[in-house]
Amino acid sequence: RIRLKDAIVALTEQEILDGCYTLGAAAGQSFCQRVQRNPLDGSLIGGGGTGIVATQINGGVYRSHGIDLAARYTFSAGAWGEIALDFQGTHVIRSVQQNARVLPAIDCSGLVGPTCQRPDPKWRFVQTAVWSWRSLTVDFRWRYISPLTHDSIVLSGDNPANFIVPV
């Protein structure tokens, strides 16, 4: 289990607007201070000092828990030397991000996209096989990373066909 408080996060423009208007934050609250309107007509366009200031803040919370696995087995191959097998893996059960206390917490395990910007696959592991014979060593290593789903398919109900990459 890992919990990281006051993480440095870059809020999206939509998160800033949600924090100011939709989630009941007071007008003097830091989210609303990031919305800079044109003094002539109240719009978000019309000059260098207008728009949404989406700079980084120290307000995010990340919580992750999962299972780490490790195994190593070495055995003799007789006159042919020695063989060592190694496995190191991680299974992510939950990977929750919350960019600010007033914003919703989202489980991003197995997701990637504009909301879940840091991919956190549900399974990842490295498997190694080493054969040693006299002064010769042959090492075979491969890494597995489970597939990721675009977060808008899961979080917004978007059509998966919109994200298929042609072969």
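Quick check on segment 143-167: of everything there that is out of contact with any Phe, Trp or Tyr (no Cβ under 9 Å at 6 or more places or on another chain) and modelled with pLDDT of 90 or more, which residue is least open to solvent (accessible area, probe 1.4 Å)? Steps first, please.
Step one: list which residues in segment 143-167 are out of contact with any Phe, Trp or Tyr (no Cβ under 9 Å at 6 or more places or on another chain), which gives 147-148, 151, 154-167.
Then drop every residue that is not modelled with pLDDT of 90 or more, which leaves 147-148.
Numbers: 147: 103, 148: 70 Å².
Among those that are out of contact with any Phe, Trp or Tyr (no Cβ under 9 Å at 6 or more places or on another chain) and modelled with pLDDT of 90 or more, it is 148.
Quick check: anything in segment 101-120 over 30 Å from residue 157 (Cβ atoms) and either touching a strand residue (DSSP E or B) at 6+ places or on another chain (Cβ under 8 Å) or not in a strand (DSSP E or B) (or both)? Reasoning before the result, please.
First pass over segment 101-120, keeping only residues over 30 Å from residue 157 (Cβ atoms): none.
No - not one qualifying residue is present in segment 101-120.
Of the residues in segment 126-142, none is under 14 Å from the mean Cα position of the chain (by Cα) and either surrounded by 13 or more Cβ atoms within 10 Å (Cβ to Cβ) or closer than 28 Å to residue 88 by Cβ (or both).
Quick grid of which residues meet (1) under 27 Å from the mean Cα position of the chain (by Cα); (2) surrounded by fewer than 18 Cβ atoms within 10 Å (Cβ to Cβ); (3) assigned to a strand (DSSP E or B):
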| residue | (1), (2), (3) |
| --- | --- |
| 7 | yes, yes, yes |
| 14 | yes, yes, no |
| 20 | yes, no, no |
| 41 | no, yes, no |
| 46 | no, yes, no |
| 54 | yes, yes, no |
| 60 | yes, no, yes |
| 63 | yes, yes, yes |
| 67 | yes, yes, yes |
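Can you report the number of residues in segment 28-37 which are part of a loop (DSSP other than H, G, I, E, B) and modelled with pLDDT of 80 or more?
Qualifying residue count for the region: 2.
Going through 97, 127, 88 one at a time, which residue ends up being closer than 25 Å to residue 23 by Cα and part of a strand (DSSP E or B)? Break it down into steps so the answer makes sense when it comes.
Numbers: 127 fails: closer than 25 Å to residue 23 by Cα; 88 fails: closer than 25 Å to residue 23 by Cα.
It is 97.
The residue of segment 102-125 that is nearest to residue 91 (Cα to Cα), among those that are touching a residue at least 60 places away in the same chain (Cβ under 8 Å) and not β-branched (Val, Ile, Thr), is 114.
Given the condition modelled with pLDDT of 85 or more and among the aromatic types (Phe, Trp, Tyr), answer yes or no: does some residue in segment 74-81 qualify?
Within segment 74-81, the first condition is being modelled with pLDDT of 85 or more, and the residues that meet it are 74-81.
Retained after the next criterion (residues that are among the aromatic types (Phe, Trp, Tyr)): 75, 80.
Within segment 74-81 (the criterion being modelled with pLDDT of 85 or more and among the aromatic types (Phe, Trp, Tyr)), the answer is yes, since at least one residue qualifies.
Each residue in segment 70-89 was checked for being surrounded by 13 or more Cβ atoms within 10 Å (Cβ to Cβ) and within 20 Å of residue 142 (Cβ to Cβ), and 7 pass. For segment 132-153, the set of residues classified as in contact with a strand residue (DSSP E or B) (Cβ under 6 Å, 6 or more places away or on another chain) and in a helix (DSSP H, G or I) consists of 151 only.
The values are calculated or read from the model by the stated rules, or taken from the named source; none is laboratory data. Only a predicted model underlies this, so the values are computations on that prediction, with no experimental measurement involved. With ideal geometry, Cβ positions are generated from the backbone for all residues, glycine too; neighbour counts draw on all protein chains shown. Only protein heavy atoms, including side chains, enter the accessible area calculation; ligands, DNA and RNA are left aside. Shrake-Rupley method; radii C 1.70, N 1.55, O 1.52, S 1.80 Å.
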